Amino acid sequence: PVSVEPQGVRGASSTASIKRSSVVREVERLKEQRERRRAWQAEQRREQSVLMSKDPGNPNWEVALMVRNYRGQLHMNPLRCLSSRGARTQQITVCVRKRPMSRRELQSKAVDIISVPSRSSLIVHELRNKVDLTKFLEHHKFRFDYTFDEQCSNALVYEHTARPLIRTMFEGGNATCFAYGQTGSGKTHTMGGEFCGKVQDCTTGIYALAAQDVFAELEKPKYREMGASVTCSYFEIYGSKVFDLLLPEKPMLRVLEDGRQQVVIVGLTRMPVQKVEDVLAIIEQGNRERTSGQTSVNIKSSRSHAVFQMGLVLPDDTEPCGKCSFVDLAGNERGADTQSANLQTRREGAEINKSLLALKECIRALSRHSSHLPFRGSKLTQVLRDSFIGGEQNKTCMIAMISPGLSSVENTLNTLRYADRVKELVAKDDDLV
Ligand code: ADP
Ligand code: MG
């Protein structure tokens, strides 16, 4: 509380009194400002609630309001910390990344039904109808190793997912990182880099961020003295066929298995690389091959798995002694395949489904250190066989991508349930230890 002096007293020319009066004015100015701000906020809230309760242009106002009300009660503390140091690198890490709403979704007033309250939890608000047809929300809660909301950058996602795996390759193991999810959920954005229109900035993707760390590690005296070097491969699996993305017109390659169950992709390019720029050039070259002849980036590339690999090679060795694989998986959406009359599309869908199921089984086998590895279930798991054997020294990370919109809820729940099953197994195994 500030006492305001009567005018007469202030008339005296003492400097103390002038000072005091300027303090009084300042206090009053601040008070006025505060009141104006409060009034403005109250008005905003009122306007918003009117808008939300009867927004004539928004067919989804009811859901939007329900989600808002629910979120209002949540304590939000999402992941923002860029450092993953100190975190224990688990053998299998399962994370979820929610992409932001696209401009088109915002324009059509699509509703964001995903909440990410903390660094490891996520809620899907599903719209349901009661028997009397009144609408209500069902809140599906999930827990993963990490959950990334729409504000998380590729760099932050990388830090907690693929980065801890880089060491694995230098320790002679196989590290594998999968991007899983429906088409349009952000797999290629995360792995390959951010899009600016149709142009992709490769420097911002997990491939490039990993390459940076690989070369930083390679610089260390230990590896210099060993004369270690790095090679890159980039290939695509479409149906049960493998195509080399680093050769012109991406030739098809044969996959053979020798007597010791070693799987070889015959003639696969292993490009020696000396620096990050070499890797970027390779990624760009591969991406061009991957999407060439397509009218839209997402038509055929979303029906194939892309595998980018870096290998650590010692002098005199022909095979890499450790590997990092990054897999941009084919879209996991169903629906489109079952309704489509196109036989080719249906076959593709069935093949993709088969490979994703086999993948889950193989990660399950890895987490259980099982001697039975069902890698022959698909071409994908066959060529990645090395990733799933060898026990503790191999590490895997799955990033499940989800779209935020109400219209994707079915695919989103499918994606989360798949990821959850992979994690569930891990948790169970951890409990047993
Ligand atoms: P997918 O490979 O899963 O089919 P894309 O990576 O092609 O999906 O992403 C679909 C669209 O969404 C692209 O235009 C992409 O730029 C955008 N997008 C995806 N994830 C993000 C993100 N985290 N931040 C901003 N835009 C994103
Ligand atoms: Mg893609």
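The values are calculated or read from the model by the stated rules, or taken from the named source; none is laboratory data. Computed from a predicted model, the values in this text were never measured in an experiment. All Cβ positions, even for glycine, are placed from backbone atoms using ideal geometry, and neighbour counts span all protein chains on display.
Computed values, structure above
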read-out: Filtered residues of region 318-330 (kept if surrounded by fewer than 23 Cβ atoms within 10 Å (Cβ to Cβ) and either within 12 Å of ligand 2 (Cβ to nearest atom) or among the basic types (K, R) (or both)); value: none
read-out: Selection count where residues are crowded, with 23+ Cβ neighbours inside 10 Å and hydroxyl-bearing (S, T, Y), scope region 181-205; value: 3
read-out: Count of region 166-219 residues which are free of Cβ contacts under 8 Å to residues at least 12 places away in the same chain, under 19 Å from L156 (Cα atoms) and within 16 Å of ligand 2 (Cβ to nearest atom); value: 2
read-out: Qualifying position, being farther than 29 Å from T345 by Cβ, of a type outside the set (V, I, T) and surrounded by 13 or more Cβ atoms within 10 Å (Cβ to Cβ), among D278, D258, D244; value: D278
read-out: Candidate set from region 184-228 (those that are more than 9 Å from ligand 1 (Cβ to nearest atom) and at positive phi); member that is farthest from the chain's Cα centre (by Cα); value: G227
read-out: Whichever residue in region 294-317 is within 16 Å of ligand 2 (Cβ to nearest atom) and of a type in the set (G, A, S) and, among such residues, is modelled with the highest pLDDT; value: A306
read-out: Residues located in region 94-124, provided they are in a loop (DSSP other than H, G, I, E, B) and either touching a residue at least 60 places away in the same chain (Cβ under 8 Å) or on the phi > 0 side of the Ramachandran plot (or both); value: R99, P100, M101, K109, A110, V111, I113
read-out: Top-ranked residue in region 55-80 [being exposed (fewer than 10 other Cβ atoms within 10 Å of the Cβ) and assigned to a loop (DSSP other than H, G, I, E, B); ranked as modelled with the lowest pLDDT]; value: P56
read-out: Number of positions in region 351-375 that are farther than 22 Å from G311 by Cβ and either at pLDDT 90 or above or within 24 Å of the chain's Cα centre (by Cα) (or both); value: 14
read-out: Options L127, L209, L133, L137: the member that is aliphatic (A, V, I, L, M) and assigned to a helix (DSSP H, G or I); value: L209
read-out: Region 158-183, subset more than 8 Å from ligand 1 (Cβ to nearest atom) and among the aliphatic types (A, V, I, L, M), residue farthest from M226 (Cα to Cα); value: A162
read-out: Subset of region 4-22 that is surrounded by 11 or more Cβ atoms within 10 Å (Cβ to Cβ) and assigned to a helix (DSSP H, G or I) - its residue that is modelled with the highest pLDDT; value: S21
